[in-house]
Amino acid sequence: MSNFIDLTGQKFGGLTVLSKANKKQGHNIVWLCQCDCGNIKEVAGVHLRSGRIKSCGCLRGEEISEKNKTHGKSQTRLYGVWVKMKHRCNNSMATGYKNYGGRGIKVCEEWNDFEKFYNWAMNSGYDENAEGRSCTLDRIDVNGNYCPENCRWVDATVQANNCRSNRLIKAFGKEMTVAQWSKLTGIDDSTLRKRLDKGWNVEDSLTTPPRQYNQRVNNNE
């Protein structure tokens, strides 16, 4: 007991030591403490002196609450965009990770802070009232990182055209992506891809109405 240090009356964070409790945690003396909020809590002396425990638990709750109130935008669409961006770059279990983090695509250090990402978005064309996929986050260089210099807000068609897997098709003196031809012809892009994958002539792929296409498939043409 020669090493015994009486903590009675001392204050650690929001806890004031009232007296020594009649128990121990392992080899550690337990103290009866009163929190600033009025609650009584028993705390091991080692945790008081190390600063591991500073309140009855209310302080931790206040810290969490304050953290959640930092930006107040966790329910917004933009916050969801930010979370998904980080998820596909940092989480190897995420759907699509192989096309992002798996290829070395990263989120710049600045954008690990949502407030900084938010400020960039609002100053770079983000429309919080946009419908559907008319305002999506797009990387200008599809092999580059997510950062202010390489990102923009575009509609889904522009983003599809910028996809590294989108093939260019030349027909009728024009060269456009599958997505662009789809928009021009009114034929679904998945239908165009299937036709081309089956070896169809490019111009037939772009001019044959879907109903005739289905008849050709059924007739094994």
R0 = 22 Å: FRET efficiency of residue 74 with residue 120, Cβ-based, nearest 0.05?
-> 0.75
Summing +1 for each Lys or Arg and -1 for each Asp or Glu, what net charge is found among the other residues whose Cβ lies under 13 Å from the Cβ of residue 28?
-> +4
Solvent-accessible surface (1.4 angstrom probe) belonging to residue 4, in square angstrom, nearest 10 | 80
Which of the aspartates and glutamates could a cross-linker span from residue 20 if the Cα-Cα distance has to be under 15 Å and same-chain partners fewer than 8 positions apart are dropped?
-> 6, 42
Counting only residues 5 or more places away or on other chains, whose amide H sits under 5 Å from the amide H of residue 33 once H atoms are built in the peptide plane?
-> 18, 41, 42, 43
Select from 154, 142, 126 the residue farthest towards the positive end of the dipole of region 105-158; place +1 on Cβ of Lys and Arg, -1 on Cβ of Asp and Glu, and compute about the Cα centre.
-> 142
Keeping every protein chain in place, order 93, 122, 85, 176 by accessible area at 1.4 Å, biggest value first, i.e. largest first.
-> 93, 122, 176, 85
Set the Förster radius R0 to 25 Å, insert the Cβ-Cβ distance between residue 93 and residue 188 as r into 1/(1 + (r/R0)^6), and round the FRET efficiency to 0.05.
-> 0.20
Too long at a 24 Å Cα-Cα cut-off: which of 54/116; 116/183; 170/194; 73/183; 24/54?
-> 54/116; 116/183; 73/183
Within region 1-61, list the trypsin sites (Lys or Arg not before Pro) lying in a DSSP loop whose Cβ has at most 14 other Cβ atoms in a 10 Å radius.
-> 52
Amide H neighbours of residue 151 at under 5 Å, excluding residues fewer than 5 places away on the same chain, with H built from the backbone geometry, are 140
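The values are calculated or read from the model by the stated rules, or taken from the named source; none is laboratory data. None of the values given here were measured: they were computed from a predicted structure. Counting neighbours? That spans all protein chains shown, and the Cβs are built from the backbone with ideal geometry, glycine included. Remember, those area values only see protein heavy atoms, side chains included, never the ligands or the DNA or RNA. Shrake-Rupley method; radii C 1.70, N 1.55, O 1.52, S 1.80 Å.
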